[in-house]
Each structure stands twice: as C-alpha cells, then as structure tokens.
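Shown next, in structure tokens, is the structure this report addresses.
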Amino acid sequence: MKKPNGIIFYEGPSVLDGQPITVIGVLKSNNKKTGNMIQYFIIRSDVDPVTASKQQLDASICGACVHRQSLGGGCYVNIGQSVLAVYKAYKRGSYPTKTAEHDKYLKGRAMRFGSYGDPAAAPFQIWNNLKTLAAITTGYTHQLMHPNFDDRILESCMVSADTPKAALKSHGKNYRTFRVKTAESPFLENEIECLADSEGIQCIDCGLCNGIGDKPNIAINVHGTLKGRYIKKYSKANIIAVG
C-alpha cells in the first residue's frame, strides 16, 4: 500500500452541533514550532473552511471559541492556506479512510490534535484510539462550558484559557491550562512560558501540552497577524495582581 499524505479518521456529525465534519490527519509537517508531528484538521465536510468562517458555520468545529475569526477573534491560523488545501485534497479524494493497515504510519508518531478545529467537536473515541498508537500527543480545547462537552477529552487536551481569571478557575478544578496572554501579563505562580518561545524547543520534543499529569500549566504571548484583536479585547483582563 502506497503511503498516503493524509488519512480520514472520522466523517459524521459534530459533537457540538450535529453538522457534518471530518477529521483528517496529515502525516508530514514542516511546521517549525511543532516539528514533524501528524497534524489533525477538524473541518466542515460540506463547505470549504473559508466560506465556513465567513458564514459562521465554523461553530461546528470551533464551538464558541472567542478566537474564531468569524466572531472578530484573532485566531492565528491562516484558513485560506493549509486548512483550505486540506479541504480541497479531501474533496479530490486524495485521502483514504482509516483502516487497520494504516496503523503502521501512526505507531510511535507524535500527534497534534487540532491543528485547526477543536478536538471536542469529534467523538472522544477517535482521539482515544489514536492516543494508543502515538508516542506523544498535544491538544487544546475551548469547549469546557459547551453542553455537549465530553470531559474525557481532558485526558489528552489542555484547557484553552484567555484570561488569568479563566485559567485560575480551571486550576481550581485541577485542569491544566494553556493560556494566551498579552506581553505585559505576568505569569501565574503555576505557569511557565511555552518552551517553543522561551527555549526554542519544538513541540515534538516537549510534549507538555497533553492535558494530564503533575506538570506545569503553559502560557504564551498572543501571536499571529490578527493578534491585535485579542489585545484590544483582553488587555485589561490580562493585568491582575499575582502573589
């Protein structure tokens, strides 16, 4: 069997709103921050991601995430590039549907759950099955308050936090967080800076963002071409007294 560029792991209704989505794993990545991890894209299967964003149909894969560009957020993902390319390849039939024969391409690999889209949009079992094959996994979810949220996803994903207050609330529940912050915002007592930023360590060699264990919480300065949207909305909420 010829090695595919990507594999379809799920086609079905979104856990978040029941609309059609697909989960596609792209097996090779040139992402300088993450390294060559398998990158999983959660996208609408019936409409291209650019249109989905413009028409706010991306709730199916991103829920009420405040960073959605369709809601005026500053998501750093360039939807019109990598995400659109994956969607077009999917529509061309370039990706096979996962079978047991594909396990050899997955075993021992580092996997990034949610290069685009929220892992909580797909059934928990999809990620649980992948986790049994992976060497390490990373992931993030903004869906903690969604009525359909399956909290088992926290076995693999960090809680995405947008303010110190939100992070502290999750810490009180023993949930690990990945917090986006302004440059002026101090780190919380139990946070460290993302090692990709502070030490240049790629995610594939770090693996801290897996949601479980007695490990530090992570924070990162907001980045991307639309970061100004976040700063405008959350700059005051990021300045708190710590200590």
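The values are calculated or read from the model by the stated rules, or taken from the named source; none is laboratory data. The structure presented is a predicted model; accordingly, all values stated were derived computationally and were not measured. Cβ sites come from the backbone with ideal geometry, for glycine too, and all protein chains shown count toward neighbours. Remember, those area values only see protein heavy atoms, side chains included, never the ligands or the DNA or RNA. Shrake-Rupley method; radii C 1.70, N 1.55, O 1.52, S 1.80 Å.
Tell me, in nm to one decimal, what length is gained between A237 and S198 on full extension, where the rule is 0.36 nm per residue of separation less the Cα-Cα distance?
Numbers: separation 39, 0.36 × 39 = 14.04 nm, distance 2.33 nm.
Here the segment from A237 to S198 would lengthen by 11.7 nm.
Tell me the per residue accessible area of the stretch 1-147 using a 1.4 Å probe; a whole number in Å² is fine.
Heavy-atom accessible area per residue stands at 44 Å².
Among all stretches of the chain without exposed GluC sites (Glu not before Pro) (DSSP loop, at most 11 other Cβ atoms within 10 Å), which one is longest?
Answer - 1-183.
Report, ordered by chain and residue number, the aspartates and glutamates lying within cross-link reach of K215, taken as a straight Cα distance under 17 Å and ignoring same-chain residues fewer than 8 apart.
Answer for K215, where 17 Å is the Cα cut-off: E155, E189, E191, E193, D205, listed by chain and number.
What do you get for trypsin sites (Lys or Arg not before Pro) in the stretch 141-201 restricted to DSSP loop and a cutoff of at most 13 other Cβ within 10 Å of the site's Cβ? Let's see the in-between values first.
Details: sites: R152, K165, K169, K173, R176, R179, K181; in loops: K173, R176.
Those that pass, being in a loop and sparsely packed, are K173.
In the stretch 62-128, what percent of the accessible surface is made up of carbon and sulfur (1.4 Å probe, ligands and nucleic acids excluded)?
On the way: 1500 of 2880 Å².
That share works out to 52 percent.
What is the packing order of peptides 112-120, 209-217, 65-73, taking the mean over residues of other C-beta atoms within 10 Å and listing the highest first?
112-120, 65-73, 209-217
Averaging sequence separations of C-alpha pairs under 8 Å and six or more residues apart, then dividing by the length of the chain, give the relative contact order as a whole percent. Don't skip to the end; give the middle numbers.
Values: 482 pairs, mean separation 47.8, N = 243.
Contact order relative to length: 20 percent.
How high is the relative contact order of the stretch 1-73, in percent, with contacts defined as C-alpha pairs under 8 Å that are six or more residues apart?
Computed value for the stretch 1-73: 25 percent relative contact order.
For T137, which sequence-distant residues (separation of 5 or more, or a different chain) have an amide H within less than 5 Å of its own amide H, given hydrogens modelled in the peptide plane?
Amide H neighbours of T137: M111.
Rounded to whole Å and ordered largest first, report the semi-axes of the equivalent ellipsoid of the chain derived from its Cα gyration tensor (root of 5λ).
They are 28, 20, 17 Å, listed from largest to smallest.
Size of the stretch 32-93 along its principal axes in angstrom, Cα-based, largest extent first?
Principal axes ranked by extent give 30, 29, 17 Å for the Cα atoms.
In deg cm²/dmol and to the nearest 500, what is the mean residue ellipticity at 222 nm of the chain if only DSSP H runs of at least 4 residues count, each as -39500 (n - 2.57), divided by the residue total? Can you show the working numbers first?
Numbers: 8 runs with 53 residues, N = 243.
Mean residue ellipticity, 222 nm, calculated: -5500 deg cm²/dmol.
Let's see if you can work this out: charge +1 on each Lys and Arg Cβ, -1 on each Asp and Glu Cβ, no other charges. What is the dipole magnitude of the chain about its Cα centre, in debye to the nearest 20? Could the numbers behind the result be given before it?
Numbers: 30 positive and 20 negative charges, 112 e Å.
In debye, rounded to 20, the chain gives about 540.
Roughly how big is the stretch 115-243's charge dipole about its Cα centre, with Cβ charges of +1 (Lys, Arg) and -1 (Asp, Glu), in debye to the nearest 20?
With Lys and Arg at +1 and Asp and Glu at -1, about 520 debye.
Using a Debye calculation, one point per C-alpha and no hydration shell, please list log10 I(q)/I(0) for the stretch 1-113 at q = 0.13, 0.15 Å⁻¹ in order.
-0.50, -0.67
Run the numbers for D205 and N129: contour at 0.36 nm per residue of separation, minus the present Cα-Cα distance, in nm. Mind showing how you got there, number by number?
Values: separation 76, 0.36 × 76 = 27.36 nm, distance 2.19 nm.
Difference between extended and current length: 25.2 nm.
For the stretch 81-185, what is the largest minus smallest coordinate of the Cα atoms on each principal axis, given in angstrom and ordered from greatest to least?
Reported extents, whole Å, longest axis first: 45, 31, 27.
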